[in-house]
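Engineer: Below: one structure in structure tokens.
The values are calculated or read from the model by the stated rules, or taken from the named source; none is laboratory data. The structure displayed is predicted, hence computed values, not measured ones. Heads up, the Cβs are rebuilt from the backbone with ideal geometry, glycines too, and the neighbour counts pull from every protein chain shown.
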Amino acid sequence: MADPNDGGRAAGKTATGTLDRRVAVKQLLDSLDDDVLIVAGLAGAKGDVTAAVGDDPRVFGFGGAMGAAASMGLGLALAQPDRRVLVVTGDGELLMNVGTLATIAVANPPNLGIICVDNEHYGETGFQRSHTGLGTDLATMAQGGGIGAVRTVREMDELDEAGEMLRNSNGAAFVLLKVAVNDPPKMPTVWDASWHKSRFRQALLGKP
Amino acid sequence: MNEETWPEEIYGLLRENGIEQIAYVPDAGHDYLIKRSIADPEVHAVALTTEEEGVGLLAGAHLGGSRGVLLMQSSGVGNCINLLSLPRAGRFPFLTIISMRGDFGEGNPWQMPMGQSTQPVLEACDVTCLCIDSPDEVGRTINAAITTAFTSEMPVAVLLGQRLLGAKVFAKR
């Protein structure tokens, strides 16, 4: 089987990160409790989540509405204070609505974590470079926005501490995963957001 | 309801109907509701940096079994357009209360383009618009909006017109 990390649309692209996104996201998600609720931002981030946890009703995955994943995670975290909520998003999506980091910092729900999978490229549109490959640091922006618990992960052995922070932080937490730029195989997806919503609510609330 | 008490009537109806997340951007027209929600310990008053965050927030609230409302000015509607695909694609309830500018008696021409576009833009995005121009329409209209938003689970906007709010006063030249 061809190495998915070497080819596809990302061939020849470079990033400062070296983590394998599928491996790093899976290890981080595996370290969290099984009942964590997950909002997966569109495109690559949703693929990472699906690859890590499978087709799971505790995941709401986006197929569009770019920029909304983090704010949706905030609404969910405020509505479900007894559950951990995790947003998994990409650098491109987070840059689109980066002010949400300030909104989350001010609301500061203790049960909300954000993982930003930063490959320094817009994979979905053909791997154009993003600002994070040209000097913008989203971890610094998260910190500057006022989020207290922030980690940048560049090595696999830093994932344990990041996972612990996501599990135990008593305020909003942010993890920037600096991953290599690659083009892993697409995961199967259901595009019907209404179906995802109803399934998520049925599992969580017992009603659609 | 008279001129002084209609904002409290809105607040009471929101709370009676289980609305727990009140998202806002700073706005003179919503000043009462914003202050009231910040002072209410049973409510999450969420300050946004841009109105579109409210669209995501309210969808997240619904995912978690809660209800929310987005308070914004008409100019903020333009910021929400793309994200309004979320309530439409997902059939999420969506309730927004909009204080109008660029409406009746506007004195700032910068407000006119978005003010005059507010209702057509919302309707183009499948958001049902209910307008309020006098205090005695407030209760009935807010109740209607809450029903359509949370029972029909459809996107609804209530437009508080400048006939109700009064146009902002600018110094005479």
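Engineer: Here are the criteria: (1) over 29 Å from residue B:93 (Cβ atoms); (2) out of contact with any helix residue (DSSP H, G or I) (no Cβ under 7 Å at 6 or more places or on another chain); (3) surrounded by fewer than 22 Cβ atoms within 10 Å (Cβ to Cβ). Tell me which single one residue A:183 does not satisfy.
Structural biologist: With respect to (1) over 29 Å from residue B:93 (Cβ atoms); (2) out of contact with any helix residue (DSSP H, G or I) (no Cβ under 7 Å at 6 or more places or on another chain); (3) surrounded by fewer than 22 Cβ atoms within 10 Å (Cβ to Cβ), residue A:183 is out only on (2).
Engineer: Among the β-branched types (Val, Ile, Thr), surrounded by 18 or more Cβ atoms within 10 Å (Cβ to Cβ) and at pLDDT 95 or above: does that describe residue B:96?
Structural biologist: yes
Engineer: Residues A:95, A:74, A:42: which one is among the hydrophobic types (A, V, I, L, M, F, W, C) and either closer than 24 Å to residue A:188 by Cβ or without any contact (Cβ under 8 Å) to a residue 12 or more places away in the chain (or both)? Break it down stepwise before answering.
Structural biologist: Details: A:95 fails: either closer than 24 Å to residue A:188 by Cβ or without any contact (Cβ under 8 Å) to a residue 12 or more places away in the chain (or both); A:74 fails: either closer than 24 Å to residue A:188 by Cβ or without any contact (Cβ under 8 Å) to a residue 12 or more places away in the chain (or both).
One residue alone meets the criteria, A:42.
Engineer: Follow-up question, since we're still on this one. Which residues, taken from the range A:109-136, are buried (at least 20 other Cβ atoms within 10 Å of the Cβ), hydrophobic (A, V, I, L, M, F, W, C) and at pLDDT 95 or above?
Structural biologist: Within the range A:109-136, A:112, A:114, A:115, A:116, A:117 meet the criteria.
Engineer: Same structure again: Quick one: residue A:44 ticks every box in (1) within 11 Å of another protein chain (Cβ to nearest Cβ); (2) in contact with a strand residue (DSSP E or B) (Cβ under 7 Å, 6 or more places away or on another chain) bar one, so which box is it?
Structural biologist: Single failed check for residue A:44: (1).
Engineer: Sort through B:101, B:140 and tell me the only one that's of a type in the set (Lys, Arg) and assigned to a loop (DSSP other than H, G, I, E, B).
Structural biologist: Step by step, each of B:101, B:140 is checked, and only B:101 is of a type in the set (Lys, Arg) and assigned to a loop (DSSP other than H, G, I, E, B).
Engineer: Output the number of the condition that residue A:194 fails; it satisfies all remaining conditions of (1) part of a loop (DSSP other than H, G, I, E, B); (2) out of contact with any Asp or Glu (no Cβ under 8 Å at 6 or more places or on another chain).
Structural biologist: Here residue A:194 meets the rest and fails (1).
Engineer: Also: When you scan the range A:29-41, how many residues do you find that are within 14 Å of another protein chain (Cβ to nearest Cβ) and touching a strand residue (DSSP E or B) at 6+ places or on another chain (Cβ under 8 Å)? Give the derivation first.
Structural biologist: Taking the range A:29-41 and keeping what is within 14 Å of another protein chain (Cβ to nearest Cβ), we get A:35-41.
Next cut, touching a strand residue (DSSP E or B) at 6+ places or on another chain (Cβ under 8 Å) only: A:36-41.
Qualifying residue count, the range A:29-41: 6.
Engineer: With the requirement that a residue be more than 7 Å from chain B (Cβ to nearest Cβ) and among the hydroxyl-bearing types (Ser, Thr, Tyr), what does the range A:49-77 give you?
Structural biologist: Selection gives A:50 alone.
Engineer: Further question: Which number in (1) part of a helix (DSSP H, G or I); (2) touching a residue at least 24 places away in the same chain (Cβ under 8 Å) marks the one condition that residue B:129 misses?
Structural biologist: Going through the list (1) part of a helix (DSSP H, G or I); (2) touching a residue at least 24 places away in the same chain (Cβ under 8 Å), residue B:129 breaks only (1).
Engineer: For the list (1) within 14 Å of another protein chain (Cβ to nearest Cβ); (2) more than 19 Å from residue A:162 (Cα to Cα); (3) in a helix (DSSP H, G or I), I need the number of the one condition that residue A:98 fails.
Structural biologist: Result: residue A:98 passes all but (3).
Engineer: Output the number of the condition that residue B:126 fails; it satisfies all remaining conditions of (1) closer than 26 Å to residue A:201 by Cβ; (2) of a type in the set (Asp, Glu); (3) more than 10 Å from chain A (Cβ to nearest Cβ); (4) surrounded by 21 or more Cβ atoms within 10 Å (Cβ to Cβ).
Structural biologist: (4)
Engineer: I'm checking my understanding of the structure. Among residues of the range A:78-92 that are free of Cβ contacts under 8 Å to residues at least 40 places away in the same chain and either in a loop (DSSP other than H, G, I, E, B) or under 17 Å from residue A:173 (Cβ atoms) (or both), which one is nearest to the other protein chains (Cβ to nearest Cβ)?
Structural biologist: A:78
Engineer: Taking the criterion of being assigned to a loop (DSSP other than H, G, I, E, B) and on the phi > 0 side of the Ramachandran plot, would at least one residue in the range B:31-44 satisfy it? Can you show your working first?
Structural biologist: In the first step, residues of the range B:31-44 are kept if they are assigned to a loop (DSSP other than H, G, I, E, B); the result is B:40-43.
So of that shortlist, the ones also on the phi > 0 side of the Ramachandran plot come out as none.
No, the range B:31-44 has no match at all.
Engineer: Tally up the residues in the range B:104-120 that are farther than 15 Å from residue B:169 by Cα and crowded, with 18+ Cβ neighbours inside 10 Å, please.
Structural biologist: Total meeting the criteria: 4.
Engineer: Being crowded, with 22+ Cβ neighbours inside 10 Å and basic (Lys, Arg) narrows it down to one of B:67, B:36, B:101, B:91, so name that one.
Structural biologist: Criteria check complete, one pass: B:101.
Engineer: Next question. So, in the range B:47-66, how many residues would count as being outside any helix (DSSP H, G or I) and within 21 Å of residue B:85 (Cβ to Cβ)?
Structural biologist: Residues that pass the stated criteria total 5.
Engineer: Name every residue in the range B:56-84 that is within 11 Å of another protein chain (Cβ to nearest Cβ) and within 21 Å of residue B:36 (Cα to Cα), in order of residue number.
Structural biologist: B:57, B:58, B:61, B:66, B:67, B:68, B:70
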